[in-house]
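For reference, the structure is listed below as structure tokens.
The values are calculated or read from the model by the stated rules, or taken from the named source; none is laboratory data. Computed from a predicted structure; not experimentally measured. Here the Cβ positions follow ideal geometry from the backbone for every residue, glycine too, while neighbour counts run over all protein chains shown. Note: accessible area is taken over every heavy atom of the protein model, side chains too, but ligands, DNA and RNA are not part of it. Shrake-Rupley method; radii C 1.70, N 1.55, O 1.52, S 1.80 Å.
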Amino acid sequence: DGPDRGAILELCMVMATDLGPDVFINQSKALRDRRDQCDTLRGFDGPALVLCGRQDVLCPVERHELIHGLLNNSRLEIIEDAGHLPTLEAPERTNAALGRWLEDL
């Protein structure tokens, strides 16, 4: 929920409609069939930013905390009052989090 919810939902629907049902089906299969990548994350030693919205119900904060814990050199940024699409829901706060991370590199 948020003040731009309707506009964001409309944008997502337009993108989905423009891409068509085959893309949706292929993306759904890719998500369903993807292999666990925990070992890959554990093996990555470079800098990483793990960013999420506090109200994300598709990929909750706990999932991002797990990812953050697997990455040796990561920062976790949680965007308040945002859900699954913080770049659209809270672009200024998302950009600020990216800026802080980049400044520390």
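Looking at the P(r) of the range 28-67, how many percent of alpha-carbon pairs lie beyond 15 Å?
Of all Cα-Cα distances in the range 28-67, 57 percent exceed 15 Å.
A cut-off of 5 Å between modelled amide H atoms, ignoring neighbours fewer than 5 places along the same chain, links Gly53 with Ile79.
Want the number for Glu103 to Asp45: 0.36 nm per residue separation, take away the alpha-carbon distance, what's left?
19.0 nm
Across the chain, the convex hull enclosing all Cα atoms gives 116 Å³ per residue. With contributions of -39500 (n - 2.57) from each DSSP H run of at least four residues, the per-residue ellipticity at 222 nm computed over the chain stands at -17000 deg cm²/dmol. Where Lys and Arg each count +1 and Asp and Glu each count -1, what net charge lies around Leu76 among other residues with Cβ under 14 Å from its Cβ? Around Leu76, the charge tally is -2.
Residue by residue, the range 12-17 carries 3J(HN,Hα) couplings of 4, 5, 4, 4, 5, 5 Hz when phi is fed to the Karplus relation 6.51 cos²θ - 1.76 cosθ + 1.60 (θ = phi - 60°); x denotes Gly or Pro. Rounded to the nearest 0.05, the FRET efficiency derived from the C-beta distance between Gln37 and Thr87 at R0 = 25 Å is 0.70. Extension gain for Gln27 to Arg54 (0.36 nm times residue separation, less C-alpha to C-alpha distance): 7.3 nm. Taking the protein heavy atoms of the range 1-61 in the context of the full set of protein chains, the accessible area attributed to carbon and sulfur is 59 percent at 1.4 Å.
Counting every alpha-carbon pair across the range 37-91, the share separated by more than 16 Å comes to 41%.
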